[in-house]
1. Over its Cα atoms, what ratio of radius of gyration to 2.2 N^0.38 Å does chain A give?
2. Averaged across orientations, what area in nm² does the convex hull of the alpha carbons in the range A:1-41 project?
3. What is the set of long-range amide H partners of residue A:66 at a cut-off below 5 Å, with H atoms built 1.01 Å from backbone N?
4. Using only C-alpha positions, report the orientation-averaged shadow area of the convex hull of the range B:23-120, nm², one decimal.
5. Within a 10 angstrom radius of each residue's Cβ in A:103-109, how many Cβ atoms of other chains show up on average? Whole number is fine.
6. I need the P(r) histogram for the protein assembly as shown: all alpha carbon pairs, bin width 10 Å from 0 out to the longest distance, whole percents.
7. Arranged from highest to lowest average of other beta-carbon atoms within 10 Å per residue, in what order do the peptides A:44-50, A:56-62, B:25-31, A:10-16 appear?
8. Within 10 Å of each candidate Cβ there may be at most 12 other Cβ atoms; applying that plus a DSSP loop requirement, which trypsin sites (Lys or Arg not before Pro) in the range B:1-79 survive?
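Since every read-out is calculated from the coordinates, none of them should be taken as a lab result. On a predicted model such as this, the values are computed, not experimentally measured, just so you know. When we count neighbours, we look across all protein chains shown, and the Cβ atoms used for this are built from the backbone with ideal geometry, even at glycine.
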Amino acid sequence: DSGVTQTPKHLITATGQRVTLRCSPRSGDLSVYWYQQSLDQGLQFLIHYYNGEERAKGNILERFSAQQFPDLHSELNLSSLELGDSALYFCASSLQGSGANVLTFGAGSRLTVL
Amino acid sequence: AQSVTQLDSQVPVFEEAPVELRCNYSSSVSVYLFWYVQYPNQGLQLLLKYLSGSTLVKGINGFEAEFNKSQTSFHLRKPSVHISDTAEYFCAVSDSATPRSGGSQGNLIFGKGTKLSVKP
């Protein structure tokens, strides 16, 4: 157990729907990162939050959004889902938001869009 | 911006043989380097990291890697592999520079991964 908790572990939904993925960081970590892993794109950085504020955006689609709450947990919202959004979504946390920053990953949420 | 190239997508080896998984990076600023392992149907686990200091770093499960700045490489090695080492291995790079100055500001940029298959 890495200490980073992601729910749900598996999710099957239909095109056009909206889902929310949840991440609880390790105790004491202030940063949360979201990554998407797919067979064709590999591991792609989506977005980074530090202590409630957005720090950096990567290859995140406009249909996707995220936020980090005061208790530091984070949610990734995926809307108007397409078949191509099927992927494994990882959350990672770290103490810092920059520098020699070591990320600890959760087990992932596997999204299947039918 | 940084990038990471893992030169081999698949590496088959026999049990107890040595293995080297190659990783090259590109960056205009000083970097931090990582190797993560992903076992089937699991998340990413940190194997080892180079942040500063000695260029030879040792990690878990008998793996080690050497940071070579002149060759911009961070190859992963193990002198004798076991069946249980079968997994996908990812090299990653980050730095402390802001995205505006070409950095990743602590975010990890990953390579495409190398699938290590250890055969009996």
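1. On the way: Rg = 13.2 Å, N = 114, 2.2 N^0.38 = 13.3 Å.
That ratio works out to 0.99.
2. Values: hull surface 17.1 nm².
Dividing the Cα hull surface by four gives the mean projection, 4.3 nm².
3. Here A:77 satisfy the definition.
4. On the way: hull surface 26.6 nm².
Taking a quarter of the hull surface, the average projection is 6.7 nm².
5. Values: counts 10, 4, 8, 2, 4, 5, 0.
Mean number of neighbouring Cβ atoms from other chains: 5.
6. Pair shares across the bins are 8, 33, 35, 20, 4, 0.
7. Working: A:44-50: 22.1, A:56-62: 14.1, B:25-31: 16.4, A:10-16: 11.9.
Most protected by this proxy first, the peptides run A:44-50, B:25-31, A:56-62, A:10-16.
8. Values: sites: B:22, B:49, B:58, B:69, B:77; in loops: B:22, B:69.
Within the range B:1-79, the qualifying trypsin sites (Lys or Arg not before Pro) (loop, at most 12 other Cβ atoms within 10 Å) are B:69.
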